[in-house]
Amino acid sequence: MKNIVVALMLCFFSAAVAQYIPLHQDYSAIYDLVDELANDGIIEVNSVVKPYSRDIITQSLLQASNNEKLLYRQKKAIDFYLNEFALEQGKFPEKRWVKFLDTDKATLSLIEPAYRYKDELFRAKINPLAGVIVYSNQQGAMYKRWVGAEFNGYIGKNFSIYASLRDMVQPKNLLHWRQNYNTAVTSPFTGNDTLVNKAGFIRNEYGGAYKRYATGGDYSEMRGGIFYNWSWGRVGLVKDHISFGDAYNGSNIISTNTPSFPHIQFNIHPAPWIELNFIHAWLVSMDIDSTQYYTDNLGDKRYWYKRKYLAANMLTFKPIKGLHLSIGNSIIYAENTVQPAYLIPLMFYKSIDHTLTRDQRENQNSQLFINISSRNINHLHVYGSLYVDELSFYRYAADNPERNPISYKAGGRLSNFPLKNLSVTAEYTLNDIITYKHSIHSLDYTSNGYPLGSYLGDNSTELFLALSYKPLARLNTSVSYTFAQKGNDYQYIREDKAIKDIISEPFMKDVVWSNKTLSFKMMYEVFTNANIMLQVDWSDI
């Protein structure tokens, strides 16, 4: 495995290299600006796979900076963010306050707090991380806070390395607005009801490997990676979030709901009209392997989880400017070792699975997905994605009550038209019965117990509407409405008759969980990535 990666690294050399350090999707203000510039036809981005790199964002902002179609607010925002990405341009930021160090090679400032260094070989930035979110409703209040630090570094022309650590602490939760669709929510004042987003809760946010205690819980989130870059591609070993599929309210293909997981990342774009993205990931099955264990000094057995892997690719074609057609597939497999065939980036993994598991009762768990993204109408981005869990064409017969377990997502965003600084978003998601599920727990579409796809899981729908207004470069106000529903939770039973019974059940026969939330949000960026946010939700869950 190590030798394969090293061999790939040594094969490519180039003078013009775009070095890759991903900018996490948590930094929503930058992503909104890049999306807006693309919708206005000022730049072009491949938004089917995220995160974007700091260098790609820098180049996009530089490309847009002199465009005559820019709004005044957009110009100010670009100037503001380009100052943050100064190191990617080989220089230091111009605006620095309370400076403790200021030389040709290094700077240390208090606002924004960061240490930066650059010479002919090495460029780096180190900065602290801290934040707090306070929640309050009629039943009480709680907070979630985090502290940590991150490092970004560029070595020579080809190597990049980064690391980011957050220690998250959430004291006892006194709120009662979380819902678990298959487990009754306990009293908000008991030790059993203390976490905002435990695995199993229906929450559209990042999960965590919580340590539980009577007064709350905590977890640490370590992300980072190392990349070798060349002019038309990159390869890296990463532990981070990644998403496949265009979306504004959570992807239905590969989302960021799970804790970050380690993976090999491979990208090539050998021509302007084609791009390939591939990952091979090590997931957490949460499924005990009774044959693998340690023995402690008291003779007790400490078991391991079963191994679980994900291989996925997305091939994007760009036949004309603004139109991106993507097709990909993935497989989740649970073997004792990494299967070399699933390390090949451009493969149809279901076919490989049929060869490797021939004459076995059960195959591995494979998926197919399609994504279409169009920005061919100025100011408008329309998109749709399809996640296919199983596909049998005979199920489309008029007299066949069975359905294919498929997830659909379609939506659009209109930016700066007809009113400037205003954007309107609409997105609809439908996840059919037993989509994302599997009869073998080690092969289901999850990691750490959190869904890899839609946060709603199967037998569900969601309508998301949003209106966003940006009066100033660093101020964003928005109003959004979410209407989500889940139907009956069916157990995936493999026997042929049982499968037919399950997928013949009426979609959303009974609504067992629903969420109607009207949300108002205001966020102001004081300095780069230092935000003050106020959000008020009216929810009927």
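The values are calculated or read from the model by the stated rules, or taken from the named source; none is laboratory data. Remember, predicted model here, so these are calculated numbers, not experimental data. Positions of Cβ are backbone-derived with ideal geometry, glycine not excepted, and every protein chain shown enters the neighbour counts. The protein model used for the area step is the full one, side chains on, heavy atoms only, and it has no ligands, DNA or RNA in it. Shrake-Rupley method; radii C 1.70, N 1.55, O 1.52, S 1.80 Å.
Results, tabulated for the structure shown:
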item	result
Pair N297, R494: separation of 7 Å Cα→Cβ label points (nm)	4.3
Distant-in-sequence amide H partners of I254 (H built 1.01 Å from N, under 5 Å)	F244
Net lengthening on full extension, V536/L475 (0.36 nm per residue, minus Cα-Cα)	20.3 nm
Residues of type aspartates and glutamates that K144 reaches as a straight line, Cα spacing below 13 Å, ignoring anything fewer than 8 places off in the same chain	D167, D218
In Hz, Karplus ³J(HN,Hα) per residue of region 229-242 (6.51, -1.76, 1.60; θ = phi - 60°; x = Gly, Pro)	10, 9, 5, 10, x, 7, 9, x, 10, 9, 10, 6, 7, 8
Dipole of the chain [Lys/Arg +1, Asp/Glu -1 at C-beta], most positive-end residue of G148, V512, I377	G148
Karplus-derived 3J(HN,Hα), 6.51/-1.76/1.60, for each residue of region 398-406, Hz, glycine and proline x	4, 9, 9, x, 6, 10, 7, x, 9
Local net charge near Y333, Cβ-Cβ under 10 Å (Lys/Arg +1, Asp/Glu -1)	0
Within the chain, helix-based [θ] at 222 nm, where runs of 4 or more DSSP H residues each add -39,500 (n - 2.57), nearest 500	-3500 deg cm²/dmol
Reciprocal mean inverse distance between Cα atoms of region 50-166 - Kirkwood radius, Å	16.5
Per residue accessible area in Å² of the chain, where ligands, DNA and RNA are left out and the probe is 1.4 Å	47
Relative packing of peptides 46-58, 277-289 - highest average C-beta neighbours within 10 Å first	46-58, 277-289
Aspartates and glutamates with Cα under 20 Å of K318, excluding same-chain neighbours fewer than 8 positions away	D35, E36, D40, E44, D246, E275
Positive-end residue of N488, I503, I202, charge dipole of the chain with Cβ unit charges	I202
Peptide ranges 258-265, 387-394 listed from the most packed, as the mean C-beta count within 10 angstrom indicates	258-265, 387-394
Surface share of carbon and sulfur [accessible, 1.4 angstrom probe, percent] for region 72-165	60
Sequence ranges 328-336, 143-151, ranked by mean other-Cβ count within 10 angstrom, highest first	328-336, 143-151
Karplus 3J(HN,Hα) series, Hz, for region 311-325 with 6.51 cos²θ - 1.76 cosθ + 1.60 (x for Gly, Pro)	10, 8, 9, 9, 9, 10, 10, 10, x, 9, 4, x, 10, 10, 10
Efficiency of FRET between V512 and D289 - r from beta-carbon atoms, R0 35 angstrom, step 0.05	0.60
Unsatisfied cross-links (Cα-Cα over 21 Å) in the set K105/K157; K69/K409; K486/K521; K75/K470	K69/K409; K486/K521
